[in-house]
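A quick write-up on the structure given underneath.
The values are calculated or read from the model by the stated rules, or taken from the named source; none is laboratory data. These figures come from a predicted structure and were not determined experimentally. Cβ coordinates were reconstructed from backbone atoms using ideal geometry, including for glycine residues, and neighbour counts include every protein chain displayed.
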Amino acid sequence: MIELTPAKENYIKAVYTLSRQGDGVRSLDVAAALGVSKPSVSRMIKELQQKNLVERTENMQVRLTPEGRRRAAEIDLRFYAVKNLLTETLGVDERTAIVDASFLEHIISPETLSCIIKHTKEKEGNRK
């Protein structure tokens with residue numbers, strides 16, 4: 001599996017989130033979403049293309065490859081699992097939980113993630 005830095009994961013997640021509204025996304029939209037310059041986006045997109053995680057469409061938009069979508073979904077799962085644990089189990093306010101989950105999603109181990117998901121499912125089962 002390709003190791004990704006937190007920065008690369010953030011770019012993949014931004015493309016993933018923005019592409020929910022259509023097939024491809026503009027580099028300008030990625031730059032705005034991440035608060036970075038368009039040249040920074042161009043450099044990172046080239047690196048992600050080399051790793052076969054994104055590709056350019058005919059009209060130069062950016063879209064995730066199947067592997068990129070799979071990785072982005074994993075990143076998204078980590079984020080929401082941590083955010084939900086923080087808000088629903090620990091009572092952390094939503095804004096703080098989003099900020100914290102945005103950092104923790106990059107460092108959480110698969111074992112810890114599995115335990116969080118299991119805990120969340122058990123908690124949901126007890127509510128029914």
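Out of Ile117, Ile98, Ile75, Ile45, report the one residue that is among the aliphatic types (A, V, I, L, M) and at pLDDT below 95.
On the way: Ile98 fails: at pLDDT below 95; Ile75 fails: at pLDDT below 95; Ile45 fails: at pLDDT below 95.
Ile117 is the lone residue from the list that is among the aliphatic types (A, V, I, L, M) and at pLDDT below 95.
If you check every pair at least six apart or on different chains, which have Cβ atoms under 8 Å apart with a residue in region 1-25 that is part of a strand (DSSP E or B) first and a residue that is among the polar types (S, T, N, Q) second?
Val25/Ser19; Val25/Gln61
Can you pull out the residues in region 45-59 that are farther than 19 Å from Ala73 by Cα, out of contact with any strand residue (DSSP E or B) (no Cβ under 8 Å at 6 or more places or on another chain) and either of a type in the set (Ser, Thr, Tyr) or surrounded by 13 or more Cβ atoms within 10 Å (Cβ to Cβ) (or both)? Lay out the reasoning, then the answer.
Of region 45-59, the ones farther than 19 Å from Ala73 by Cα are 46-47, 50, 56-59.
Now narrow it down to the ones that are out of contact with any strand residue (DSSP E or B) (no Cβ under 8 Å at 6 or more places or on another chain): 46-47, 50, 58-59.
The one that is farther than 19 Å from Ala73 by Cα, out of contact with any strand residue (DSSP E or B) (no Cβ under 8 Å at 6 or more places or on another chain) and either of a type in the set (Ser, Thr, Tyr) or surrounded by 13 or more Cβ atoms within 10 Å (Cβ to Cβ) (or both): Glu47.
Does Ser40 fit the bill of being surrounded by 15 or more Cβ atoms within 10 Å (Cβ to Cβ) and modelled with pLDDT under 95? Steps first, answer last, please.
Values: surrounded by 15 or more Cβ atoms within 10 Å (Cβ to Cβ): yes; modelled with pLDDT under 95: no.
For Ser40, the condition - surrounded by 15 or more Cβ atoms within 10 Å (Cβ to Cβ) and modelled with pLDDT under 95 - is not met.
If I go through region 32-52 residue by residue, how many of them are under 18 Å from Ser19 (Cβ atoms), out of contact with any Ser or Thr (no Cβ under 6 Å at 6 or more places or on another chain) and touching a residue at least 24 places away in the same chain (Cβ under 8 Å)?
The qualifying residues number 5.
Taking region 48-83, which residues are part of a helix (DSSP H, G or I) and among the hydroxyl-bearing types (Ser, Thr, Tyr)?
Hit for region 48-83 is Tyr80, nothing else.
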